[in-house]
Amino acid sequence: MATALITGASSGIGLELAELFAGGGDDVVLVARSEDKLNELADRLRQAYSIAATVIASDLSKPDAVDELCDQISQRSLTIDTLVNNAGFGALGKFAELSADRQTDMVMVNVVALTRLTRQLLPGMIASGRGGILNVGSTAAYQAGPNMSVYYATKAYVLSFTEGLREELSGTGIHATVLAPGPTETGFGEDSGMGKFDFFKSAAMSAEAVAKAGYDGYQNNQDVVIPGWQNRLMVTSVGFLPRFATRKLVGKLQKA
């Protein structure tokens, strides 16, 4: 019996990943801000799969959130075998006009919390010789994103960090996988402002399909998982274009 910790588990891709890990027989630790939604999910997973589901409400944008989360894990004598860093958000708008607090919170959740939580839990995984990390990135990692500059930069970090970490973990029995979806049918579109664009809506995959691709890729020890042929084509195409061209294109598509 293994235990998977999933951040951002109350909805979207995180919720679907929690369902998949529980369905695969893993106990789950569910982390998000909404305790009510987490409790509802935990009850359903316990009944459906006869696994243990632990709820820890946490706002990962807060500076001490990860340390407090790890204290809760320790106090409950939980051993984490798989860490799923799924929590994250974006915001559409020009950098100089978007709220400084919102953009700082974005870096805290998308980068700082992901990094610190990985650092806190990884030594235990290495000591046990089993488990791994599944980080949820984005196809946004593959080019700059005018009018969402901070979000795109955070996802570039997630991709680079995970690939580097994967090499460091070679031979330990631990592996790191990054899931890089494109537009997905979650609350992200509405929350970020991206949902108003036709290109986002027309290309969006279901959260269930994205999570299944990520779960299978992690279980099969893949390094990078890009779900959907359209997303894979886009990422491949970006590699043939100069960076100035891709950023101009993205800027035109994402006019705030």
For this session: Evaluate the following for T104: is it more than 12 Å from the chain's Cα centre (by Cα), more than 20 Å from D26 (Cβ to Cβ) and β-branched (V, I, T)?
Result: yes
Exercise. Taking the condition closer than 26 Å to F95 by Cα and of a type in the set (S, T, Y), does T139 pass?
Worked result: yes
For this session: Read through the list (1) aliphatic (A, V, I, L, M); (2) assigned to a loop (DSSP other than H, G, I, E, B); (3) surrounded by 13 or more Cβ atoms within 10 Å (Cβ to Cβ), then give the number of the only condition that A96 fails.
Result: (3)
Exercise. Within the range 144-181, how many residues are within 18 Å of the chain's Cα centre (by Cα) and assigned to a loop (DSSP other than H, G, I, E, B)?
Worked result: 3
For this session: Go through the range 38-53 and count every residue that is surrounded by fewer than 16 Cβ atoms within 10 Å (Cβ to Cβ), touching a strand residue (DSSP E or B) at 6+ places or on another chain (Cβ under 7 Å) and under 18 Å from G12 (Cβ atoms).
Result: 1
Problem set entry | A127, sole failed condition from (1) assigned to a loop (DSSP other than H, G, I, E, B); (2) small (G, A, S); (3) more than 17 Å from the chain's Cα centre (by Cα) | (1)
Seminar exercise, completed: For helices (runs of 4 or more DSSP H) lying entirely in the range 188-245, having 2 or more residues that are touching a strand residue (DSSP E or B) at 6+ places or on another chain (Cβ under 7 Å), surrounded by 16 or more Cβ atoms within 10 Å (Cβ to Cβ) and at pLDDT 90 or above picks out 207-219
Exercise. Do you know which of the residues in the range 55-74 that are among the small types (G, A, S) and under 17 Å from V28 (Cα atoms) is surrounded by the fewest Cβ atoms within 10 Å (Cβ to Cβ)?
Worked result: S74
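The values are calculated or read from the model by the stated rules, or taken from the named source; none is laboratory data. Predicted, not measured: the structure shown is a model, and the values here were computed from it. FYI the Cβ positions are ideal-geometry reconstructions off the backbone, even for glycines, and counts take in every protein chain you see.
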